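Here is the structure we will look at, set down as structure tokens.
The values are calculated or read from the model by the stated rules, or taken from the named source; none is laboratory data. These figures come from a predicted structure and were not determined experimentally. Cβ atoms come from the backbone with ideal geometry, glycine included; neighbour counts cover every protein chain shown.
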Amino acid sequence: MSVNGKTKVFGLLGNPIEHTLSPYIHQLFYDELDYNGVYNPFFVPEGMIQEAIKGMKGLNIEGLNITVPNKESVIQELDDIDPITEIIGACNTIVRTKNGLKGYNTDWIGLQMDCAFNQVSIRGKDCVIIGAGGAARGVVAFCCMEKAHSITVLNRTVERGSQLKEIVEMVNPNLLFKCGSLEDLHLVEEGSIAFQTTTIGMYPNVQECPINNDEFYAKVDFAVDIIYNPKETLFMKKLGVYGVKSINGLGMLFFQALKAFELWTGEELNNIQIEQCMLKLKKKVYELD
Ligand code: NAP
């Protein structure tokens with residue numbers, strides 16, 4: 001559908017922004033539902049997030065995604081915030097409501113939807129999270145919301161890892177929390193579900209891996225590496241040696257976009273439409289036939 005006077009405008013604020021897949025993903029939804037929308041990447045110069053949000057109001061933009069580096073700082077520009085998003089401290093989706101602009105984090109929901117899509121449940125399971133950056137905060141919230149049994153955070157900077165305990169205390173204080181360095185593998189429970197959330201192993205550094213000790217891989221039952229480029233990280237390859245199944249982060253990216261689309265439009269795709277869109281995305285990103 002071509003842009004006309006009734007087209008709803010959505011977009012992504014970021015810096016850098018050139019390599020985003022989000023316009024492609026949202027266009028898949030518009031095409032699937034014959035929805036009259038357009039999704040534009042907006043480069044936000046450093047220090048200009050306040051002006052960008054004012055622009056959203058002034059231009060009647062329907063909904064925005066937020067990416068690096070403003071997921072945290074944008075919160076103070078909003079009129080309302082979803083409670084779990086406030087606890088995570090990072091907002092990637094802004095929705096217009098009758099009370100003004102409301103912030104959501106659909107990254108953790110994207111992970112939740114992707115795990116459900118892959119029929120993976122972490123309820124009652126021991127989880128290990130590698131990394132403690134912005135993405136790891138959402139993964140901790142996900143483990144809490146899904147009622148995992150325990151979380152072990154392994155991070156280069158242990159102090160940063162231990163800060164994630166605050167999320168557990170606020171969302172699900174019954175959950176056991178441990179934290180250590182990337183070498184503290186004795187903290188990892190046998191049969192754990194692992195979430196790799198660092199930037200290590202991302203293209204072009206595909207020969208890097210956050211944990212090289214095989215002791216770790218022998219203790220894991222299933223894993224998600226939230227990196228999606230390359231398709232199979234070295235971390236995932238090492239898991240494969242032990243016969244451990246893993247998924248990459250493309251599904252999480254896809255579903256965070258789908259959840260944002262649902263929040264903005266009230267529209268939903270059925271399972272067949274979701275599978276078709278997912279397949280098209282995989283073909284584009286991994287250049288499959
Ligand atoms: P971030 O806030 O910058 O955190 C980076 C994390 O990586 C920290 O834990 C950091 O440890 C660790 N790290 C970086 N370089 C390291 C090194 N050389 N050795 C050891 N640890 C290192 O980044 P983020 O926003 O959480 O994003 C992390 C990754 O998640 C990125 O690859 C991003 O693309 C991906 N992501 C994917 C999705 C998706 O939808 N699939 C969504 C969000 C993010 P320290 O604390 O010690 O610095």
Residue selected from the stretch 98-127 under the condition within 11 Å of the ligand (Cβ to nearest atom) and outside any helix (DSSP H, G or I), by the criterion nearest to L258 (Cα to Cα): T106
Given the conditions (1) β-branched (V, I, T); (2) within 16 Å of the ligand (Cβ to nearest atom); (3) in contact with a Cys (Cβ under 8 Å, 6 or more places away or on another chain); (4) within 23 Å of K245 (Cα to Cα), which single one is not true for I193? (2)
Specify the residue that is surrounded by the most Cβ atoms within 10 Å (Cβ to Cβ); the eligible residues are those in the stretch 180-197 that are among the β-branched types (V, I, T) and in contact with a helix residue (DSSP H, G or I) (Cβ under 8 Å, 6 or more places away or on another chain). T197
Residue that is farthest from the chain's Cα centre (by Cα), among those in the stretch 186-245 that are within 18 Å of I122 (Cβ to Cβ) and small (G, A, S): G191
In the stretch 1-24, anything β-branched (V, I, T) and either assigned to a loop (DSSP other than H, G, I, E, B) or at pLDDT below 95 (or both) is listed as V3, T7, I17, T20
Within the stretch 47-65, identify whether any single residue is outside any helix (DSSP H, G or I), out of contact with any Lys or Arg (no Cβ under 8 Å at 6 or more places or on another chain) and closer than 18 Å to T106 by Cα, and answer yes or no. yes
In the stretch 196-213, anything within 9 Å of the ligand (Cβ to nearest atom) and within 10 Å of F235 (Cα to Cα) is listed as Q196, I200, G201, E208, P210
